[in-house]
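Below you'll find the structure, written out as C-alpha cells, and then a few comments.
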Amino acid sequence: MDKTEKYRILTEQIRSLIEGETDSVAVMANVCAAIHEAMGFWWTGFYRVLNGELVLGPFQGPVACMHIGYGKGVCGTAWKEKQTIIVPDVEQFPGHIACSSLSRSEIVVPVFSKSREVVAVLDIDSKELSTFDETDREYLEEICKIIEL
C-alpha cells in the first residue's frame, strides 16, 4: 500500500476514533498512537502550548524534550510562523533542538483552536533523511484540522 492510501485510511480511522470525544489530551493520545502505528514513524507526538511555551504532550517513541520556547527549534518555529515546517535534514535547520541524535528529518504541523490560535503542534521525527514531503504535509494538516482543539 502506498503512502497516500495509508493516509486516506488513517484519516478516516481518526475521524471515527475521536468522534464525540471532548478531552483534548485523550484525542491527542489516540491520534498520536494511530499515526505512529499506521505510518511507522520513529517519534510521533504533540507539544501543547501552556504558559507561553510548548510542553510535551502525548507521544509515541523514545523520551523527548519536555519544554520548547516560542520560536525555538522546529516546533517553536512552526508555532511562531503558524505553518507546517518540513525539515529534510535537521542538521541544516538553524537552532534545531536535538532531543535525540538519532532524529534526521522532521515535520511539525500546528494545531489550531477554533479562534485560529496555535494550541499545540504535531511533531514527527524520522531516523532517515528526507522522509517527509507534500503528501505528509497535506494529510497531517488535514488530521490536525480534524482535531481542532
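The values are calculated or read from the model by the stated rules, or taken from the named source; none is laboratory data. Here the structure is a predicted model, which means the values were calculated and not measured. For neighbour counting, all protein chains shown are included, and Cβ atoms are generated from backbone atoms with ideal geometry for every residue, glycine included. These area figures cover heavy atoms from the full protein model, side chains too; ligands, DNA and RNA do not enter into them. Shrake-Rupley method; radii C 1.70, N 1.55, O 1.52, S 1.80 Å.
Can you pull out every residue in the stretch 83-103 that is open to solvent by 80 Å² or more (accessible area, probe 1.4 Å) and either in contact with a Lys or Arg (Cβ under 8 Å, 6 or more places away or on another chain) or within 24 Å of V63 (Cβ to Cβ) (or both)?
E91, S101, L102
Give the stretch 1-53 a look and list any residue that's in a loop (DSSP other than H, G, I, E, B) and crowded, with 19+ Cβ neighbours inside 10 Å, or say none.
F41, W42
Given (1) open to solvent by less than 30 Å² (accessible area, probe 1.4 Å); (2) without any contact (Cβ under 8 Å) to a residue 40 or more places away in the chain; (3) of a type in the set (A, V, I, L, M, F, W, C); (4) not in a helix (DSSP H, G or I), where does L56 come up short, assuming only one miss?
(1) is the only condition that L56 fails.
Which one of these is on the phi < 0 side of the Ramachandran plot, hydrophobic (A, V, I, L, M, F, W, C) and in a helix (DSSP H, G or I): A98, A78, A64?
A78
So which residues in the stretch 75-110 are of a type in the set (A, V, I, L, M, F, W, C) and at pLDDT below 95?
Once the filter is applied, which keeps residues that are of a type in the set (A, V, I, L, M, F, W, C) and at pLDDT below 95, the stretch 75-110 yields V90, F93, I97, A98, C99, L102.
Check whether at least one residue in the stretch 86-94 is in contact with a Gly (Cβ under 6 Å, 6 or more places away or on another chain), without any contact (Cβ under 8 Å) to a residue 12 or more places away in the chain and either of a type outside the set (A, V, I, L, M, F, W, C) or assigned to a strand (DSSP E or B) (or both), and report yes or no.
No: zero hits.
Output the qualifying pairs, or none if there are none: Cβ atoms under 6 angstrom, residues six or more apart or on different chains, first residue in the stretch 26-38 and within 11 Å of A120 (Cβ to Cβ), second residue of a type in the set (A, V, I, L, M).
V27/I18; V27/I147; V31/I14; V31/I147
Scan the stretch 40-95 residue by residue and report those that are polar (S, T, N, Q) and in contact with a helix residue (DSSP H, G or I) (Cβ under 8 Å, 6 or more places away or on another chain).
Listed by number, the residues that qualify are T44, Q60, T84.
Tell me which of these D123 doesn't satisfy, since it passes every other one: (1) within 24 Å of E21 (Cβ to Cβ); (2) part of a loop (DSSP other than H, G, I, E, B).
(2)
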